[in-house]
Amino acid sequence: MKTQAEARRVFRALAAQYPNADTELHYRDPFELLVATILSAQTTDARVNEVTPGLFQRYPDAASLAAADEEELQAAIKPTGFFRQKARALIGMSRGLVLQHGGLVPASLEALVTLPGVGRKTANVVLAHALGVPALPVDRHVLRVSNRIGLANGDDPNLVEQQLCALLPKKQWTRASDTLILHGRRVCKPRPLCDRCCVRRDCDYYQRRP
């Protein structure tokens, strides 16, 4: 695995290639980002962004979503896929917010992951982007890219999160996740476009290629 100095060189290069890296989900407050992130499982952010304007017009807060008719909610979110499971998760999450947090999204990882449908990655996305809490969300892109480059070693998202966080100061965690995600979507895909990669000289995968 990379040293801290090597890792910071990698992240400087990625930050230069993706200077405006941020979540691509559209939201106006922590509740909307929480809903959008739950919807983003197994689909694209672009598809979620097509669905959420109408969804938030109909269900603008936790109280309204907690009281939603499940079949009507399923119909509203059907384009995102897995709509039955997502509808149950959204209603359960919203009820948890209403009953436990007065309808507000808590700024605590421990509190967020107790809500239905909210795993560690989803919680970290909301903390990092909507609540200003240092966090490093690890999705499939972060897993793939960080292992290929040699920034992390393992398939367990929690372990990879710990490894990446240990390489960087807290203030850089969110930006690091965002740049790894964009790099995974645009360049370091399952079939990587190594000729377009700005960090290939530091990449273990590239150096091991025949």
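The values are calculated or read from the model by the stated rules, or taken from the named source; none is laboratory data. Worth saying up front: this structure is predicted, and the values here are computed from it rather than measured. Glycine gets a Cβ as well: all are built from the backbone with ideal geometry, and neighbour counts include every protein chain shown.
Which pairs turn up if I take residues in region 115-127 that are on the phi > 0 side of the Ramachandran plot and look for partners that are among the aliphatic types (A, V, I, L, M) and surrounded by fewer than 21 Cβ atoms within 10 Å (Cβ to Cβ) with beta carbon separation below 9 Å, at least 6 apart in sequence or on another chain?
Listed by first residue and then by second, the contacts come to Gly117/Ala41; Gly117/Ala89.
Just name the residue that is surrounded by the fewest Cβ atoms within 10 Å (Cβ to Cβ) out of those in region 90-110 that are among the small types (Gly, Ala, Ser) and under 14 Å from Phe31 (Cβ atoms). Don't jump to the end; show me each part of the working.
First pass over region 90-110, keeping only residues among the small types (Gly, Ala, Ser): 92, 94, 96, 102-103, 107-108.
Now narrow it down to the ones that are under 14 Å from Phe31 (Cβ atoms): 94, 96, 102-103, 107.
Working: Ser94: 26, Gly96: 20, Gly102: 10, Gly103: 16, Ala107: 14.
Among them, the one singled out is Gly102.
Listed residues Ala152, Ala135; which is of a type in the set (A, V, I, L, M), modelled with pLDDT of 95 or more and farther than 21 Å from Leu25 by Cβ? Break it down into steps so the answer makes sense when it comes.
Working: Ala135 fails: farther than 21 Å from Leu25 by Cβ.
Of Ala152, Ala135, the one residue that is of a type in the set (A, V, I, L, M), modelled with pLDDT of 95 or more and farther than 21 Å from Leu25 by Cβ is Ala152.
Output yes when any residue across region 183-200 is in the same structural domain as Arg8 (by TED's automatic domain parsing), among the β-branched types (Val, Ile, Thr) and within 25 Å of Pro30 (Cα to Cα), and no when none is. Before you say what the answer is, go through the steps one by one.
Here is the first cut: in region 183-200, the ones in the same structural domain as Arg8 (by TED's automatic domain parsing) are 183-200.
Keeping just the survivors that are among the β-branched types (Val, Ile, Thr) gives 187, 199.
Still in the list and also within 25 Å of Pro30 (Cα to Cα): none.
No, that holds for no residue.
Inspect all residues belonging to region 92-110 and state whether any of them is farther than 21 Å from Tyr59 by Cβ, in contact with a Lys or Arg (Cβ under 8 Å, 6 or more places away or on another chain) and not aliphatic (A, V, I, L, M). Working first, answer last.
Restricting attention to region 92-110, the residues satisfying the condition of being farther than 21 Å from Tyr59 by Cβ are 107-110.
Going one step further and asking which of them are in contact with a Lys or Arg (Cβ under 8 Å, 6 or more places away or on another chain), we end up with 109.
Next cut, not aliphatic (A, V, I, L, M) only: none.
Looking for residues that are farther than 21 Å from Tyr59 by Cβ, in contact with a Lys or Arg (Cβ under 8 Å, 6 or more places away or on another chain) and not aliphatic (A, V, I, L, M), one finds none in region 92-110, hence no.
Which of the residues spanning region 1-58 are buried (at least 19 other Cβ atoms within 10 Å of the Cβ), touching a residue at least 40 places away in the same chain (Cβ under 8 Å) and either small (Gly, Ala, Ser) or in contact with a strand residue (DSSP E or B) (Cβ under 6 Å, 6 or more places away or on another chain) (or both)?
Matches in region 1-58: Ala7, Ala21, Ser40.
Could you tell me which residue of region 161-205 is nearest to Leu14 (Cα to Cα), considering only residues that are crowded, with 18+ Cβ neighbours inside 10 Å and hydroxyl-bearing (Ser, Thr, Tyr)?
Thr179
When you look at Asp155, is it acidic (Asp, Glu), under 26 Å from Leu193 (Cβ atoms) and more than 15 Å from the chain's Cα centre (by Cα), yes or no? Explain how you work it out, then say what you get.
On the way: acidic (Asp, Glu): yes; under 26 Å from Leu193 (Cβ atoms): yes; more than 15 Å from the chain's Cα centre (by Cα): yes.
Yes, satisfied.
Tell me whether region 66-81 contains one or more residues that are under 18 Å from Pro30 (Cα atoms) and crowded, with 23+ Cβ neighbours inside 10 Å. Walk me through it before giving the result.
Kept after step one, since they are under 18 Å from Pro30 (Cα atoms), are these residues of region 66-81: 66.
Now restrict to residues that are crowded, with 23+ Cβ neighbours inside 10 Å: none.
Scanning region 66-81, I find no residue that is under 18 Å from Pro30 (Cα atoms) and crowded, with 23+ Cβ neighbours inside 10 Å, so the answer is no.
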